[in-house]
Amino acid sequence: MKPIFYYTELALNQVGPGSEVIIEHKELSRFGKLNTSEFNHALSKLKEKGAQVSLEWDILMSETDFASKASLLNELELDLIDSIRVQDPGAIEYVKHNLDHKITLILETGNHNLRGIQSWIDHVGERVNRVVLSVELDKKTVKNYCENLEVDVEFLVLGRILIFYTPRNLLSSLLPEDDEKKKRRLVSNEFLEASGESEESPHKGFPLIENKHGTFMFHIKRLFLLDCLSDLKECGVRQLRVDNRFDSEDLLNKSLLTMNGSCDVASFKKEYPYDVIKGYFNTNKTDVLFKKLKNYRLQRKDESYVGEVLETNKAHYMAILIKKSSIKLGDELKFITPEGKELVCKVHQLQNSVGVDIEKASVDELCLINYFGSVWPKSQVYLNI
């Protein structure tokens, strides 16, 4: 099994004869940061070190974008490229008919069945050197595919897990700046980074990135399969990809040492600075999660349902939207938070939405009651009968 990692300036020290490195151009790759001169310079350095280099062309393109992206290839030192990694069907067709490089098919999204994967291989033909499989496939499925495919299989073993992508610019739209400044940011391919949280659960810290290619959201935890290398070998996986684009040189170094047996995997996993998961590799129980797509704690349960907490202001008030049963001074309310905690509080302060004291709040009204700790927005409110 052979490790594969991405070119960064920090990663250059880890490159040696026979290393396989993925290089990205900012116009062709989702997270690429190199312009043309930087790309060609980095490519030369990689070949001087004896590396096998793959160009990643993984963006999805509209018709207006495609011509400019394809013409850019003429400016790159493609004679130094060993293979081209492609995802967009248009890019696959272009490389197939206009270039003579080996082709790596990135089939991580939308290609979960053997017939679909084999159809792509048959379409491109003998120039396919490998396919990249989705991390949503479990061990049994990966083994079955490796046994039935006549090309090498690549699998992500360490790095971020992409769970959402849109070509829209969701982060910059929230910034208080004019359209011209936003346009300049996109042209320069500036990366905006933020973290997101769920409205229906306490989960938070989802890494978000926006650049000229769109907005990307990643899982809170990193994929970590370095302790499953023997299983991957048994499955027949030949290439193991480490996504080091968001990590330090030290982490890449230790991951490569772990993969060649020079570093203890348990020790590395313990000092790895991120929470990790194995994803679906050991088992795929996606259907078990269907009932959890909507947080059951946020759903109405019985006749004593009152409404929902919209906002809390510490030491001052809680804002409740009355949806079903009215409340009045002296009532005892039960709150069920998004994480499932049940809290009870008596109403000894009751006001309408403009802060005027009232005796009773009715259906479809917004009211303010006395603040109670540990109650969050989205908590469901019941009469405690």
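The values are calculated or read from the model by the stated rules, or taken from the named source; none is laboratory data. Computed from a prediction, not measured in an experiment: that's the story for all the values here. All Cβ positions, glycine included, derive from the backbone under ideal geometry; neighbour counts span all protein chains shown.
Would you say ASN295 is within 30 Å of LEU240 (Cα to Cα), surrounded by 13 or more Cβ atoms within 10 Å (Cβ to Cβ), at pLDDT below 90 and not hydroxyl-bearing (Ser, Thr, Tyr)? Write out each step before concluding.
On the way: within 30 Å of LEU240 (Cα to Cα): no; surrounded by 13 or more Cβ atoms within 10 Å (Cβ to Cβ): yes; at pLDDT below 90: yes; not hydroxyl-bearing (Ser, Thr, Tyr): yes.
Taking the combined requirement at face value, the residue does not satisfy it.
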Exercise. Can you find even one residue in region 38-53 that is in a strand (DSSP E or B), at pLDDT 95 or above and either among the polar types (S, T, N, Q) or surrounded by fewer than 18 Cβ atoms within 10 Å (Cβ to Cβ) (or both)?
Worked result: yes
For this session: Within region 96-150, count every residue that is over 15 Å from GLU56 (Cα atoms), under 25 Å from the mean Cα position of the chain (by Cα) and not aromatic (Phe, Trp, Tyr).
Result: 19
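When region 28-57 is examined, which residues are found to be acidic (Asp, Glu) and within 15 Å of HIS101 (Cβ to Cβ)? Give the derivation first.
First pass over region 28-57, keeping only residues acidic (Asp, Glu): 38, 48, 56.
GLU56, the sole residue that qualifies.
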Seminar exercise, completed: Scanning region 54-97 for residues that are farther than 18 Å from LYS26 by Cα and among the charged types (D, E, K, R), the one surrounded by the most Cβ atoms within 10 Å (Cβ to Cβ) turns out to be LYS96
Exercise. Being free of Cβ contacts under 8 Å to residues at least 12 places away in the same chain and among the small types (Gly, Ala, Ser), is that true of even one residue in region 25-34?
Worked result: no
Problem set entry | Extreme residue, nearest to GLU199 (Cα to Cα), among residues of region 311-350 that are part of a strand (DSSP E or B) and acidic (Asp, Glu) | GLU311
For this session: Filter region 339-385 for residues that are surrounded by 14 or more Cβ atoms within 10 Å (Cβ to Cβ) and free of Cβ contacts under 8 Å to residues at least 12 places away in the same chain and give the result.
Result: ILE358
Exercise. Can you name the strands (runs of 3 or more DSSP E) wholly within region 176-278 that have at least 2 residues being within 20 Å of THR166 (Cβ to Cβ), at pLDDT below 95 and of a type in the set (Phe, Trp, Tyr)?
Worked result: none
Exercise. In this structure, is THR8 among the β-branched types (Val, Ile, Thr), in a loop (DSSP other than H, G, I, E, B), closer than 25 Å to GLU249 by Cα and not assigned by TED's automatic domain parsing to the domain that holds GLU210?
Worked result: yes
Problem set entry | Meets criteria (surrounded by fewer than 12 Cβ atoms within 10 Å (Cβ to Cβ), in contact with a Lys or Arg (Cβ under 8 Å, 6 or more places away or on another chain) and outside the structural domain of ARG85 (by TED's automatic domain parsing)) for GLU177 | no
For this session: Look at LEU10 and say whether it is at pLDDT below 95 and touching a His at 6+ places or on another chain (Cβ under 9 Å).
Result: no
